[in-house]
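Q: Please see the structure below; I have some questions.
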Amino acid sequence: MRFTRYIPYILSPLLLLSCKNEGRHLADNLSGNNDSVTQFNTVSEAYKTSKHNSVDNFYKKLWPKDDLSGGMLVAKNGEIIYETYGGFSNRSKKEEITENTPIHIASVSKVLTAALVLKLIDKDKLSLDQKVNTILPTFPYDGITIKMLLNHRSGLPNYAYFADDRKIWNRTMLTNQDVLNLLAKHKFGLYFRPDKKFGYCNTNFAILALIIEKATEMNYRDAMQKFIFSPIGMKNTYVFDYKKHKATASQSYKGNNVLYGFDFLDDVYGDKNIYSTPRDLLKFDLATYSDDFLSPDLVKQVFKGYSYENKGVKNYGLGIRLHEWETGEKVFYHNGWWHGNTSSYVTLKQDTVTMIALSNRFSYKPYKIWKMSPLFGTYPIKADKDDSPE
């Protein structure tokens, strides 16, 4: 089953008007907590029709059997150009995935976690260069700062690896506090000296979630709802709670449609465990254009690379990945992979284009949507180049 929404001339006038208004609604209804709305130019019908056809061709090449189990969305200036959904959130119950179905966005959760940390920095509740152990006293490493967690230059070991050792953890449900307690108890060696190089690690964002809790005096789940999801209007987004949501959350499947069950790592948040929709992630992306979302000076620090130890176009900012070329073009994105869920969030800031793909059945295909970038601007992307999951 597939549901597709777009804005070409073939739609009826009434449906066309509905889609147009819907796109503008997403751009216009982002107020709350004094976050002002960024005004975008209206996109012409000719542009929307042309780009829709190009994106549709890309989709049909990427999913030739029309077997997307999730959703894909492309928008320009907040107006949806292309949107499609298919598959089931629960195959045994035949619950179809629609535009309102939250799907586990895996490591794309890091972008949202980072957004709240950065908001707290903007309000002087935290600082980028603040040492983690000044906030979490039991954190056993002295030289690691909030910035090093955000840009993955801390050298921390991955909690998924040390917690998998039965001598260290009994494989009961792990929490963020357990991660911190294990670090404090065992003082595992760092992978490298802090700020020496880039090393992608989920532990960084599990610790950032605890920092959010300390700074807000709220549970991470509640803080994300209050300061990110609700103000932006992300009505179908939530942080997974194993006890509360395990029976109702969108399920996860292997590539052969076999159910991917939960395990003892499924209650750690910050690095993963946010469930959302393409439309809600579009709302988030639009909010990031507002000067009231983050101060311009802080935004400059977010969207720049921090790791140049190795040559190449790939880099990492503060909670966001980027491809940057010597010619000046930049693509900002984050991919995710947890169990059978794969996801990709791509934002072309200089062209005000958003591209999102979420899947609850394992597939590398969502990671390839960034290759649509040349449809909307000048990006030196090789279409035949393979992409890594992260």
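Q: Could you run the Karplus curve 6.51 cos²θ - 1.76 cosθ + 1.60 with θ = phi - 60° over the range 85-99 and give me ³J(HN,Hα) per residue in whole Hz, x for Gly and Pro?
A: 9, x, x, 10, 6, 9, 5, 5, 9, 6, 8, 6, 7, 10, 5
Q: For Lys243 and Lys300, what does the FRET efficiency come to when R0 = 35 Å and r is the distance between their Cβ atoms, rounded to the nearest 0.05?
A: So the FRET efficiency works out to roughly 0.30.
Q: Cα atoms only, the range 107-206: Rg and Dmax in Å?
A: Final numbers for Rg and Dmax: 13.5, 42 Å.
Q: Tell me the Kirkwood radius of the range 255-390: reciprocal of the mean inverse pair distance over distinct alpha-carbon atoms, in Å.
A: Every distinct Cα pair counted, the radius reaches 16.3 Å.
Q: Now, a different point. Mind listing the phi-derived Karplus ³J(HN,Hα) values for the range 143-152, rounded to whole Hz, using 6.51, -1.76 and 1.60 with θ = phi - 60°, and x for any glycine or proline?
A: These are the phi-based 3J(HN,Hα) values: x, 9, 10, 4, 4, 5, 6, 5, 9, 6 Hz.
Q: Using only Cα atoms, figure out Rg for the range 143-193 and give it as a multiple of 2.2 N^0.38 Å.
A: Rounded to two decimals, the normalised Rg is 1.18.
Q: Another question, then. Under 18 Å between alpha carbons, and skipping anything fewer than 8 positions from Lys65 in its own chain: which aspartates and glutamates qualify?
A: Asp56, Glu83, Glu96
Q: Take the alpha-carbon positions of the range 240-334, form their convex hull, and give its projected area averaged over all directions (one quarter of the hull surface) in nm².
A: 9.5 nm²
Q: Anyone know which of Gly78, Gly87, Gly255 comes out most mobile in the 10 Å Cα GNM of the chain?
A: The residue that fluctuates most here is Gly255.
Q: Can you give the FRET efficiency to the nearest 0.05 for Lys94 and Asn57, using r as the Cβ-Cβ distance and R₀ = 30 Å?
A: Using R0 = 30 Å, I get an efficiency of 0.50.
Q: How far apart, in nm, are two points set 7 Å out from the Cα along the Cα-to-Cβ line at Asn256 and at Lys187?
A: Label at Asn256, label at Lys187, 4.7 nm between them.
Q: Please report, for the Cα atoms of the range 38-175, the Rg to one decimal and the Dmax as a whole number; what are they, in angstrom?
A: Using the Cα atoms of the range 38-175, the pair Rg, Dmax is 21.8, 63 Å.
Q: What whole-number distance in Å separates the alpha-carbon centres of the range 228-248 and the range 345-379?
A: First find each Cα centre; the distance between them is then 24 Å.
Q: A follow-up question, please. Relative to the longest principal axis of the chain, what angle (0 to 90°, nearest 10) does the C-alpha long axis of helix 13-28 take?
A: 30 degrees
Q: So what does the Cα-only Debye profile of the range 180-316 read at q = 0.11, 0.14 Å⁻¹, as log10 I(q)/I(0), no solvent term?
A: -0.58, -0.95
Q: Relative to the longest principal axis of the C-alpha atoms of the chain, give the angle of the C-alpha long axis of helix 202-216, reported between 0 and 90° and rounded to the nearest 10°.
A: It is inclined by approximately 80 degrees.
Q: Helix 45-62: angle to the longest alpha-carbon principal axis of the chain, degrees 0 to 90, nearest 10?
A: 60 degrees
Q: Run the quick spin-label model on Trp325 and Lys382: label points 7 Å from Cα toward the beta carbon, then report their separation in nm to one decimal.
A: Label at Trp325, label at Lys382, 1.3 nm between them.
Q: Can you give the three extents of the C-alpha atoms in the chain along their principal axes, from longest to shortest, in whole Å?
A: 64, 48, 42
Q: Direction-averaged shadow area of the convex hull around the Cα atoms of the range 210-289, nm²?
A: Mean projected area of the Cα convex hull: 6.6 nm².
Q: Just to verify a number: FRET efficiency for Tyr200 and Thr138, C-beta to C-beta distance, R0 = 22 Å, to 0.05?
A: 0.35
Q: Right, here's the next one. Can you compute the modelled spin-label distance between Met218 and Asp292, with each label point 7 Å from Cα toward Cβ, in nm?
A: 1.8 nm
Q: Quick one: 3J(HN,Hα) in Hz for the range 371-376, Karplus 6.51/-1.76/1.60 with θ = phi - 60°, rounded, Gly and Pro as x.
A: These are the phi-based 3J(HN,Hα) values: 6, 6, 3, x, 5, 10 Hz.
Coordinate-derived values only; no laboratory data. Since the structure is predicted, the reported quantities are computational estimates derived from the model, not experimental observations. Virtual Cβ from ideal backbone geometry, glycine too; neighbours counted across all protein chains shown.
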